[in-house]
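Everything below concerns the one structure shown next.
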Amino acid sequence: MEQSKLPFVFTGKTTEFFGIWIVNILLVIITLGFYSPWAKVRTRRYFYGNTVLDNSAFDYTGDPLAILKGYLIALLLFIIYSVSIRLYPPTQLIFLLLLLAVMPWLVTRSMIFRARNTVFRHIRFTFGKSYGDAFKVFSGLPLLVPFTFGLIMPYLVYRQKRFLVSNSGFGTSPFSFHAGAKDFYKVFAIILVFMLIAAIGIIVAIAIPAYHAYLDAANGKAFAAQAGGSPDVMLVIITQFVMMGISILVWLVFYAYLEARINNLVWNSVELAGNRFSSALRARDLLWIFMSNLIAIICSFGLLVPWAKIRLARYRLGKLALLATTGLDGFVKQEQENAGAAGEEIGELFDIDIGL
Amino acid sequence: MIKLPAIYYDGQTSQPTAVELCFDDSGRVRVAGPQLEHSYDIASVKSKPRVGSLPAQFIFPDGAVCEVSDHAGLEDALQLLPKRSFQDIVHKIENNLMAIVVSLVLALGVLFVIIQYGIPFGAKVVAYRIPQEMENSLGQNALEFFDNTLCKPSTLAAAKQRHLEKLFSGALLKMDASPIQLQFRDCGKKIGANAFAIPSGIIIFTDKMVQEAKDDRELLGVLAHEVGHVRNRHIMRQILENSVTGLLLVLLTGDVSSASSFAAAVPTLLVQAKFSRDFETEADNYAKQFLKSQGISPAYLANLLERLSKQQENKASGIIGFLSSHPLTKDRIKNLTH
């Protein structure tokens, strides 16, 4: 069969999603947060359902009740964590070690839940259990980062991505991963050079004077409830905004670059039953979308969040395509056991970024 | 009899098949397509709640699924199914413009009530239950922070300090204020004439503030204002309010980990500035009440405020007024003298 390029198409519409979003928010507020698993599932179903490949859409089948259970476990752990580090700060270290130990389990459970509940043409995705490998790439290797001055970082990212891709499957067909560690070092090399130049530039030009001005102005306010007028309130606010703006900008530049390059590298190295993918994200496009989204959200007091999300999804999926050789009709379902959502929810609460 | 065009998936393979879905009057659902023919009892068919304009899904007991896009008769067919989810109502609301507008207004309204009344009320209830001792380490840290970065030991004459300590401790007795610790510091030009209440009941007077006052009664007004902050547990309340508001807005406007969390910081900042204005007014009211009870006119405090604000050429107005953490001095003076 000839290779044909099948584009991913995102068909979500801002106006339609706005309705879903605002109703979700209202219900979350009036149920004191208990509706949020249902809100999350509806939002995911909208995005998955509007992701179309070869005239068929994806679907998300996560059970809100399973997610609620996960939320409650995660919340309980978070409360224990916050209370105990307040009462006895050294427990933070214990929690860190504990997190390092359970991280592989969390990531694996979370990937299983997500894959199992992602459906294309009513065939589920799968994720294989391999806690040993997970432990290596999410606990063992990260420990080496400080001892190698971070030089192991690209290798670490490579191993994590390889782990995530090669344990995934669609029906009975496994994904395979064809990138090498060298490719990841190339992506990070540019970052390293850029980071050095940027760091020096920022420290010399902006950060030092701004920090001093900020200290002078902010200290008067730090803990205090003042009696007199409000000296330099504007100065405090302006420096706060400038500092925030600069750090967001720097962060966004790196984030956009890494997001684009690593995404492209990973997708372009994935194979599924003889089919390949092509991803062509551009860092500058992503940077522009991130920045304009951010400004739009701020200026609209959050009301443009739906527009921003739809816009980002449309761009990302518009750059992704399947290079099909076998066609998409021949995949067969695999029997699977049920998966709980706790792993995913705990991971999200502690801000662990998983997924491809 | 309802007939709908559908895409059929058997749930075993990824092969889609175009079929016709027939709901007949005898309670059976028939799936008919090229080389396939199935018939199910309608009581065994489930549907998944719809989201947006995505196709409806009919799920059959053998794991097969039919997807039906918007079509005349689809709603009627869905009505025939035995069990429907409450999310079908949610779907109706999401697709009704009027209902969306109402939801928007309601969401903003409820959020406003929570931020304006709910959180301050909750923070107040909780703050009064937190023992003052819990603030002690906070207070010591804050004092050390001031001493290390901004302030030097006071340069006021010893006699002046003794005089003020005597004056203030007399006033504190009358206020029946819980243990309050007075500190004098020379905090330079940036902070200028000022006084702060920091956690655990420590009140710092800057030397400039003492020098600026033309009358002891003005300083008593300042003291009473700061005691107002302490008695009303403003610092604890502000810490609680800020963290809860921040958390709420971040949770609502985005995932905790996404870039929109940054965006949430801006409204949070505005709301927090507003909180602190309410506290200033409350502290001013306390000072006013105390001064009056001592037969001192609140105008003394107002005069001091006016002089300070003239000095600082604080031209705050309009947007700056909304951002400012203190109410406009003009408004405060009006409040004190009425």
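Considering only segment B:89-98, I want to know if a residue exists there that is closer than 30 Å to B:ALA56 by Cβ and either of a type in the set (Phe, Trp, Tyr) or loosely packed, with under 11 Cβ neighbours inside 10 Å (or both).
Of segment B:89-98, the ones closer than 30 Å to B:ALA56 by Cβ are B:89-98.
Filter once more, keeping what is either of a type in the set (Phe, Trp, Tyr) or loosely packed, with under 11 Cβ neighbours inside 10 Å (or both): B:97-98.
Looking for residues that are closer than 30 Å to B:ALA56 by Cβ and either of a type in the set (Phe, Trp, Tyr) or loosely packed, with under 11 Cβ neighbours inside 10 Å (or both), one finds at least one in segment B:89-98, hence yes.
Residues of segment A:257-274 being among the aliphatic types (A, V, I, L, M) and assigned to a helix (DSSP H, G or I), which ones? Once the filter is applied, which keeps residues that are among the aliphatic types (A, V, I, L, M) and assigned to a helix (DSSP H, G or I), segment A:257-274 yields A:LEU258, A:ALA260, A:ILE262, A:LEU265, A:VAL266. Residues that are within 30 Å of B:ALA64 (Cα to Cα) number at least 3 in the following helices (runs of 4 or more DSSP H) confined to segment A:84-186: A:91-116, A:153-166.
I'd like the residue in segment B:199-228 that is in a helix (DSSP H, G or I) and among the basic types (Lys, Arg) and, out of all such residues, is least open to solvent (accessible area, probe 1.4 Å). The extreme case among them is B:LYS208.
Just the residues that are at pLDDT below 80, farther than 15 Å from B:GLU280 by Cα and open to solvent by 30 Å² or more (accessible area, probe 1.4 Å), please, taken from segment B:296-333. Passing the criteria: B:LYS310, B:GLN311, B:GLN312, B:GLU313, B:ASN314, B:LYS315, B:SER317, B:GLY318, B:ILE319, B:ILE320.
From the list A:TRP267, A:TRP288, the one residue that fits, being modelled with pLDDT of 90 or more and in contact with a Ser or Thr (Cβ under 6 Å, 6 or more places away or on another chain), is A:TRP267.
Please work out if A:ALA222 is within 30 Å of B:GLY139 (Cα to Cα), in a loop (DSSP other than H, G, I, E, B), small (Gly, Ala, Ser) and modelled with pLDDT under 75.
Details: within 30 Å of B:GLY139 (Cα to Cα): yes; in a loop (DSSP other than H, G, I, E, B): yes; small (Gly, Ala, Ser): yes; modelled with pLDDT under 75: yes.
It is true that A:ALA222 is within 30 Å of B:GLY139 (Cα to Cα), in a loop (DSSP other than H, G, I, E, B), small (Gly, Ala, Ser) and modelled with pLDDT under 75.
Across segment B:83-100, the qualifying residues are those that are among the aliphatic types (A, V, I, L, M) and within 9 Å of chain A (Cβ to nearest Cβ), and the one among them that is nearest to the chain's Cα centre (by Cα) is B:ILE100. Here B:LEU269 clears all of (1) open to solvent by 40 Å² or more (accessible area, probe 1.4 Å); (2) modelled with pLDDT of 75 or more except the condition numbered (2).
Please enumerate the residues belonging to segment A:23-39 that are more than 9 Å from every other protein chain (Cβ to nearest Cβ) and surrounded by 19 or more Cβ atoms within 10 Å (Cβ to Cβ). Across segment A:23-39, the qualifying residues are A:TYR35, A:PRO37, A:ALA39. Is segment B:39-60 home to any residue that is in contact with a helix residue (DSSP H, G or I) (Cβ under 8 Å, 6 or more places away or on another chain) and more than 30 Å from A:PRO64 (Cα to Cα)? No: segment B:39-60 contains no residue that is in contact with a helix residue (DSSP H, G or I) (Cβ under 8 Å, 6 or more places away or on another chain) and more than 30 Å from A:PRO64 (Cα to Cα). Among the residues that make up segment B:201-208, is at least one of them at pLDDT below 85 and away from chain A (no Cβ under 11 Å)? For segment B:201-208, residues at pLDDT below 85 and away from chain A (no Cβ under 11 Å): present. Keeping to segment B:32-55, report how many residues are farther than 22 Å from A:ASP54 by Cβ and either of a type in the set (A, V, I, L, M, F, W, C) or away from chain A (no Cβ under 14 Å) (or both). Within segment B:32-55, residues that are farther than 22 Å from A:ASP54 by Cβ and either of a type in the set (A, V, I, L, M, F, W, C) or away from chain A (no Cβ under 14 Å) (or both) number 10. Here A:ASN167 fulfils each of the conditions (1) over 30 Å from A:LEU65 (Cβ atoms); (2) open to solvent by 30 Å² or more (accessible area, probe 1.4 Å) apart from (1). Residue check: A:GLY169 meets all listed conditions (1) in contact with a helix residue (DSSP H, G or I) (Cβ under 6 Å, 6 or more places away or on another chain); (2) within 14 Å of chain B (Cβ to nearest Cβ); (3) modelled with pLDDT of 90 or more but one, namely (1).
Close contacts from segment B:136-150, counting a first residue that is more than 9 Å from every other protein chain (Cβ to nearest Cβ) and a second that is of a type in the set (Lys, Arg), with Cβ to Cβ under 9 Å and a gap of 6+ residues or different chains, come to B:ASP147/B:ARG185. Of the residues that make up segment A:63-80, is at least one open to solvent by less than 30 Å² (accessible area, probe 1.4 Å), under 18 Å from A:HIS122 (Cβ atoms) and of a type in the set (D, E, K, R)? Among the residues of segment A:63-80, not one is open to solvent by less than 30 Å² (accessible area, probe 1.4 Å), under 18 Å from A:HIS122 (Cβ atoms) and of a type in the set (D, E, K, R), which makes the answer no.
Residues of segment B:229-239 that are within 9 Å of chain A (Cβ to nearest Cβ) and open to solvent by 20 Å² or more (accessible area, probe 1.4 Å): B:ILE235, B:GLN238. For segment B:80-88, state whether one or more residues are acidic (Asp, Glu) and over 28 Å from A:VAL52 (Cα atoms). No; the residues of segment B:80-88 include none that is acidic (Asp, Glu) and over 28 Å from A:VAL52 (Cα atoms).
Test A:PRO90 against the stated conditions and say whether it is at pLDDT 85 or above and away from chain B (no Cβ under 11 Å). The answer is no for A:PRO90.
Among the residues of segment B:91-112, just one is touching a helix residue (DSSP H, G or I) at 6+ places or on another chain (Cβ under 6 Å) and touching a residue at least 40 places away in the same chain (Cβ under 8 Å), namely B:GLU94. Within segment A:45-62, not a single residue is under 23 Å from B:LEU247 (Cβ atoms), surrounded by 20 or more Cβ atoms within 10 Å (Cβ to Cβ) and within 12 Å of chain B (Cβ to nearest Cβ). Scanning segment A:57-99 for residues that are of a type in the set (S, T, N, Q) and either touching an Asp or Glu at 6+ places or on another chain (Cβ under 9 Å) or farther than 30 Å from B:TYR9 by Cα (or both) yields A:SER82, A:SER84, A:THR91, A:GLN92.
Taken together, A:PHE301, A:PHE290, A:PHE277 contain a single residue that is in contact with a Leu (Cβ under 7 Å, 6 or more places away or on another chain) and not in a helix (DSSP H, G or I), which is A:PHE277. Within segment B:56-74, being open to solvent by less than 40 Å² (accessible area, probe 1.4 Å), out of contact with any Ser or Thr (no Cβ under 8 Å at 6 or more places or on another chain) and either within 15 Å of B:GLN87 (Cα to Cα) or away from every other protein chain (no Cβ under 12 Å) (or both) holds for B:VAL68, B:GLY73, B:LEU74. If the condition is being hydrophobic (A, V, I, L, M, F, W, C), surrounded by 17 or more Cβ atoms within 10 Å (Cβ to Cβ) and either under 15 Å from B:LEU249 (Cα atoms) or more than 9 Å from chain B (Cβ to nearest Cβ) (or both), then segment A:297-311 contributes A:ILE297, A:ILE298, A:LEU304, A:VAL305, A:TRP307, A:ILE310. When A:ARG121 is tested against (1) more than 23 Å from the chain's Cα centre (by Cα); (2) open to solvent by 40 Å² or more (accessible area, probe 1.4 Å); (3) in contact (Cβ under 8 Å) with a residue 12 or more places away in the chain, just one condition goes unmet, and that condition is (2). Counting only helices (runs of 4 or more DSSP H) that sit completely within segment B:21-133, those holding 1 or more residues that are of a type in the set (D, E, K, R) correspond to B:74-80, B:87-94, B:119-129. Might you let me know whether segment A:10-22 holds any residue that is β-branched (Val, Ile, Thr), within 11 Å of another protein chain (Cβ to nearest Cβ) and in contact with a Ser or Thr (Cβ under 6 Å, 6 or more places away or on another chain)? Yes, because at least one residue in segment A:10-22 is β-branched (Val, Ile, Thr), within 11 Å of another protein chain (Cβ to nearest Cβ) and in contact with a Ser or Thr (Cβ under 6 Å, 6 or more places away or on another chain).
The values are calculated or read from the model by the stated rules, or taken from the named source; none is laboratory data. Please read all numbers here as calculations on a predicted model, not as lab measurements. Every residue, glycine as well, gets a Cβ built from its backbone with ideal geometry; the counts of neighbours run over all protein chains shown. The accessibility values were calculated without ligands, DNA or RNA, using every heavy atom of the protein model including side chains. Shrake-Rupley method; radii C 1.70, N 1.55, O 1.52, S 1.80 Å.
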